[in-house]
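In what follows, a structure is listed as structure tokens, so that the remarks can point back to it.
The values are calculated or read from the model by the stated rules, or taken from the named source; none is laboratory data. Remember, it's a predicted structure, so these values are computed and weren't measured experimentally. Positions of Cβ are generated from backbone atoms using ideal geometry, with glycine treated the same way; all protein chains shown enter the neighbour counts. Side chains are part of the model used for accessible areas, which takes the heavy atoms of the whole protein and leaves out ligands, DNA and RNA. Shrake-Rupley method; radii C 1.70, N 1.55, O 1.52, S 1.80 Å.
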Amino acid sequence: MKSVKEALNIDQKWTPEQAKNDIERYVLRSELPAVKAAALAVMALEKQIPQKLIPKINETVGDIWICCPNCLNAALTNIFNGKGFKYCPECGQALDWGE
């Protein structure tokens with residue numbers, strides 16, 4: 001491999017989760033010279049893997065809010081309006097709204 005640009009042109013059908021798992025394996029084996037860069041890549045990939053939302057009760061007004069599982073941003077949506085973001089507007093975490 002001669003350059004990063006060439007590496008990026010490799011036709012690999014990874015999901016974010018598969019890429020994250022492979023990079024974590026390399027980091028644990030210390031096979032990459034840029035372990036910190038690989039760790040940052042894992043963090044970025046983790047945010048691309050949709051996570052289930054967390055329901056929270058807003059005791060001030062007595063309704064239920066849907067929160068981001070990563071940053072606990074409660075401004076995503078009220079559970080009753082049924083609309084939501086694909087990614088958290090606060091931290092960028094991919095969100096799994098379930099069925």
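Put simply, the amide H of Asn73, placed in the peptide plane, has neighbours under 5 Å in Cys68, leaving out anything fewer than 5 places away on its chain.
Need the full-extension length gain, Arg29 to Gln51, defined as separation in residues times 0.36 nm minus the C-alpha distance. One decimal, nm. Display every interim value, and only then the final one.
On the way: separation 22, 0.36 × 22 = 7.92 nm, distance 2.72 nm.
Net length gain for the segment: 5.2 nm.
Can you compute the FRET efficiency between Leu40 and Cys71 using 1/(1 + (r/R0)^6), with r the Cβ-Cβ distance and R0 = 25 Å? Round to the nearest 0.05. All intermediate terms of the calculation are to be shown ahead of the outcome.
Working: r = 18 Å, r/R0 = 0.71.
In this case the efficiency is close to 0.90.
All other residues with a Cβ under 10 Å from the Cβ of Leu72 taken together, and with Lys, Arg as +1 and Asp, Glu as -1, what is their net charge? Can you show the working numbers first?
Working: positive: Lys56; negative: Glu90.
Charge balance in the 10 Å sphere: 0.
Backbone amide hydrogens, once placed in the peptide plane, bring Asp96 within less than 5 Å of Gln51, Lys52, Leu53, excluding anything fewer than 5 places away on its chain. When Val42, Val61, Val27 are compared by accessible area of protein heavy atoms, the largest-first order is Val61, Val27, Val42, using a 1.4 Å probe.
Rounded to the nearest Hz, the phi-derived 3J(HN,Hα) couplings of segment 14-28 under the Karplus curve 6.51 cos²θ - 1.76 cosθ + 1.60 (θ = phi - 60°) are 8, 7, x, 5, 5, 4, 4, 5, 5, 5, 4, 4, 5, 5, 5, where x marks glycine and proline. For Gln48, the shell of other residues with beta-carbons less than 9 Å away shows a net charge of 0, using +1 for Lys and Arg and -1 for Asp and Glu.
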